[in-house]
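J.: One structure, pasted below without further comment.
We did not get these values from a lab; they are worked out from the coordinates using the rules stated. If you're wondering where the values come from, they're calculated on a predicted model, not measured in any experiment. Counting neighbours? That spans all protein chains shown, and the Cβs are built from the backbone with ideal geometry, glycine included.
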Amino acid sequence: MVVERDIDDLPKNAANYTALTPLWFLERAALVHPNRKSLVHGSIHYTWLQTYRRCRQLASALCQRSASFGSTVAVIAPNVPALYEAHFGVPMAGAVINPVNIRLNASTVAFLLEHSSSAVVMVDQEFFSLAEEALKIWADKSKSIFKAPLLVVIADDTCDSKSLKYALSRGAVEYEKFLETGCPEFAWKVPEDEWQSISLGYTSGTTASPKGVVLHHRGAYLMSLSNSLIWSMNEGAVYLWTLPMFHCNGWCFTWTLAALCGTSICLRQVSASAVFQGISDHGVTHFCAAPVVLNTIINASPEETILPLPHLVQVMTAGAAPPPSVLSSMSNLGFRVTHTYGLSETYGPSTVCAWKPEWDNLPSQTQARLNSRQGVRYIALEGLSVVNTHDMTPVPSDGKTIGEIVMRGNGVMKGYLKNEKANEEAFRGGWFHSGDLGVKHEDGYVEIKDRAKDVIISGGENISSVEIENVLYLHGAVLEAAVVARADERWGESPCAFVTVKKGVDGSDERRLGEEIIKFCKSKMPGYWVPKSVVFGPLPKTATGKVQKHLLRTKAKEMGPVKMSKL
């Protein structure tokens with residue numbers, strides 16, 4: 001008797017199922033466009049075939065040495081080809097890449113290397129001393145159980161040769177020599193399970209030890225493709241690496257560029273002149289940047305710019321809520337800005353302020369205000385909501401009721417490494433909790449109002465620091481602004497504005513300028529929102545351009561409370 005199979009009872013087999021992984025993108029790029037430029041770094045140019053072979057060499061060399069299935073390879077480097085290659089070569093060996101923020105101090109890097117049990121440390125020659133100091137801290141702490149990882153130094157002709165010579169004298173293996181030990185035809189390892197870890201990244205750890213965010217091959221594959229679809233990024237795009245590759249794997253664009261057979265223009269240091277030069281010299285079509293970088297471009301001197309732009313340049317911004325004034329100014333310069341939002345825990349951007357054709361005929365200021373919202377979910381994010389922080393019920397779509405932004409789906413991390421308590425908190429109620437407070441508008445678009453820890457509570461009223469910052473950016477003298485809570489004898493807390501003034505602005509009389517800014521704020525916002533104090537100077541930032549508000553809160557605390565007599 002023949003039993004017919006149910007329609008859902010057909011088996012998986014090697015012909016109809018393969019685990020999703022972005023590693024396939026590289027193999028395809030080498031096949032389709034073997035001679036197209038894949039990477040440009042100064043005088044160094046690689047094609048996609050060369051990059052594929054080099055990544056396979058790296059995987060082979062790692063397998064012959066210290067890396068094995070599930071082991072971690074830390075990379076401490078700016079935006080150079082070796083870091084891009086590691087995003088493929090490391091997982092091709094079955095290992096997990098851990099791109100490390102180059103602006104961290106040695107003790108924090110030591111924590112990351114120990115916590116991740118790094119088997120290999122690849123480090124750019126400029127940052128070798130940082131790695132060496134971190135390894136010493138780890139060794140001193142672990143004592144007899146410490147096993148030194150393999151140390152590989154990445155040479156760069158634009159750096160001082162002394163740092164390379166020192167690294168080699170300390171027993172490090174030079175990266176190109178290390179590649180030579182590998183086979184360019186290496187049969188790289190396809191993950192058996194797409195849930196297998198591909199990357200480990202760490203949160204900032206501003207209030208506690210950094211948390212290790214573990215990402216899987218499936219999510220990396222889906223979010224990489226989502227990037228191109230969300231951004232209408234075409235095959236053969238020319239991408240400028242203004243965004244650090246070490247931050248959320250370059251928002252997954254490391255893998256997106258391979259999927260599109262595009263060209264990566266590497267940039268060790270970001271400046272307005274370098275951005276405009278990249279557009280002029282290499283025909284850059286796309287780049288990503290935090291709002292602070294956009295602000296740098298807007299305020300660049302005429303000598304640094306190349307205007308009008310020779311062609312349309314697409315810009316993706318995320319990392320902090322961009323002031324509408326910044327978005328409007330970028331548009332006026334000829335850039336088309338796509339606003340996205342996300343976290344390390346969501347592979348980088350996971351929502352987008354999707355532009356609607358009906359906005360085209362609106363006034364520019366209205367367009368900028370609409371585009372400053374965080375928007376709707378990415379294609380590869382299956383759930384996005386704003387919920388009541390107490391019972392997790394969705395808030396009404398009124399643009400006023402504040403709740404926490406939560407996500408769920410394939411674009412959410414596996415979890416935090418070795419941190420069960422943090423995982424329980426992050427995934428409470430079957431959603432990932434972002435810690436960001438926002439509203440949902442009538443059209444379904446979400447908008448951040450503040451980080452939960454950044455809300456200012458003055459006289460029992462909640463004040464959004466982001467709303468105040470948006471107003472401050474409208475003042476003609478303000479280049480950058482950040483607002484935090486400062487103790488207040490009357491109100492408990494009141495807004496304290498930290499401001500960097502534009503070039504050419506006379507800031508010698510800080511008291512007068514501060515009073516002028518406060519007067520300006522009084523004309524633009526409710527009285528209890530108005531900053532009671534203004535502090536001038538450069539703002540401390542992370543490597544991705546985010547203002548380090550925890551440092552500003554510390555400074556505000558050191559200033560003491562606002563006296564009643566000053567109100």
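J.: Quick one: net charge around HIS390, please, counting Lys, Arg +1 and Asp, Glu -1 for every other residue with C-beta under 13 Å from its C-beta.
T.: Value of the local net charge: -1.
J.: Highest mean first, how do 315-327, 17-29 rank when packing is the count of other Cβ atoms within 10 Å averaged over residues?
T.: Numbers: 315-327: 24.2, 17-29: 18.8.
The most tightly packed comes first, giving 315-327, 17-29.
J.: From a point 7 Å beyond the Cα of GLU235 in the direction of its Cβ, which residues of the stretch 280-297 have a backbone N at a distance under 15 Å?
T.: Inside the label zone: nothing.
J.: Give me a comma-separated list of calculated 3J(HN,Hα) values for the stretch 180-192, in order, Karplus coefficients 6.51, -1.76, 1.60 applied at θ = phi - 60°, integers in Hz, x for any Gly or Pro.
T.: Each residue's phi maps through the Karplus curve to give 4, 7, x, 9, x, 9, 3, 7, 5, 8, 7, x, 5 Hz.
J.: Can you give the net charge of the other residues whose Cβ lies under 14 Å from the Cβ of HIS286, counting K and R as +1 and D and E as -1?
T.: With Lys, Arg at +1 and Asp, Glu at -1, the neighbours total 0.
J.: List every residue whose amide H lies under 5 Å from the amide H of VAL313, counting only residues 5 or more places away in sequence or on a different chain, with H placed 1.01 Å from N in the peptide plane.
T.: Under 5 Å from the amide H of VAL313: ARG336.
J.: Using 0.36 nm times the number of residues separating PHE146 and GLU133, minus their current alpha carbon distance, what extension gain do you get?
T.: Numbers: separation 13, 0.36 × 13 = 4.68 nm, distance 1.47 nm.
Taking 0.36 nm per residue and subtracting the Cα distance, the gain is 3.2 nm.
J.: While we're looking at this one, here's another question. What angle, in degrees between 0 and 90 and rounded to the nearest 10, separates the Cα long axis of helix 324-333 from the longest principal axis of the Cα atoms of the chain?
T.: It is inclined by approximately 60 degrees.
J.: Dipole of the stretch 221-452 (Lys/Arg Cβ +1, Asp/Glu Cβ -1, origin at the Cα centre): which of ALA354, ILE402, THR366 lies farthest to the positive side?
T.: The Cα lying farthest towards the positive end belongs to ILE402.
J.: Also, I was wondering about something else. Assigning unit charges at the beta carbon (Lys, Arg +1; Asp, Glu -1) and nothing else, what dipole magnitude in debye, to the nearest 20, does the chain show about its Cα centre?
T.: Here the chain has a charge dipole of around 1000 debye.
J.: For ASP124, which sequence-distant residues (separation of 5 or more, or a different chain) have an amide H within less than 5 Å of its own amide H, given hydrogens modelled in the peptide plane?
T.: Amide H neighbours of ASP124, under 5 Å, 5+ apart: ILE76, ALA77, ILE154.
J.: Could you tell me which GluC sites (Glu not before Pro) in the stretch 417-492 are loop residues by DSSP with no more than 13 other beta carbons within 10 angstrom of their beta carbon?
T.: Loop-located and lightly packed - GLU442.
J.: Return the whole-Å distance between the Cα centroid of the stretch 492-529 and the Cα centroid of the stretch 49-63.
T.: Comparing the Cα centres of the stretch 492-529 and the stretch 49-63, I get a distance of 54 Å.
J.: As a test of understanding, state the convex hull volume per residue of the stretch 43-190 from its alpha carbons, in Å³.
T.: 103
J.: Taking θ as phi - 60°, what are the ³J(HN,Hα) couplings along the stretch 255-271 by the Karplus curve (6.51, -1.76, 1.60), each to the nearest whole Hz, with x for Gly and Pro?
T.: Couplings: 7, 4, 4, 6, 4, 9, 6, x, 10, 9, 9, 7, 9, 5, 10, 9, 8 Hz.
J.: Hey, another quick one. Compute the distance in nm between two label points, each set 7 Å from the Cα along the Cα-to-Cβ direction, one at ALA274 and one at HIS45.
T.: 2.1
J.: What value, in deg cm²/dmol to 500, does the helix sum -39500 (n - 2.57) over DSSP H runs of n ≥ 4 give at 222 nm once divided by the residues of the chain? Don't skip to the answer; put the middle values down first.
T.: On the way: 18 runs with 181 residues, N = 567.
When only DSSP H runs of four or more count, the value is -9500 deg cm²/dmol.
J.: Hey, rough spin-label estimate for HIS390 and GLU176, points 7 angstrom out along Cα→Cβ, what's it come to in nanometres?
T.: 6.5
J.: Need the full-extension length gain, LYS12 to ARG28, defined as separation in residues times 0.36 nm minus the C-alpha distance. One decimal, nm.
T.: 3.4 nm
J.: Still on this structure, I have one more. For the stretch 221-452, with the dipole built from +1 on Lys and Arg beta-carbon atoms and -1 on Asp and Glu ones, taken about the Cα centre, which of SER344, CYS252, LEU417 lies farthest toward the positive end?
T.: It is LEU417.
J.: Most exposed first by the Cβ proxy, i.e. fewest other Cβ within 10 Å, how do PHE127, PHE146 rank?
T.: Going from least to most buried by this count: PHE146, PHE127.
J.: Computed from these coordinates, which is Rg and Dmax of the Cα atoms in Å: [x] 28.3, 101; [y] 24.5, 95; [z] 25.3, 80?
T.: Answer label, from the structure shown: [y].
J.: Across the stretch 387-396, in residue order, what do the Karplus-derived ³J(HN,Hα) couplings come to in whole Hz, using 6.51 cos²θ - 1.76 cosθ + 1.60 with θ = phi - 60° and x for Gly and Pro?
T.: These are the phi-based 3J(HN,Hα) values: 10, 4, 5, 9, 10, 6, 7, x, 6, x Hz.
J.: Percent relative contact order of the chain, based on C-alpha pairs within less than 8 angstrom and at least six residues apart?
T.: 11
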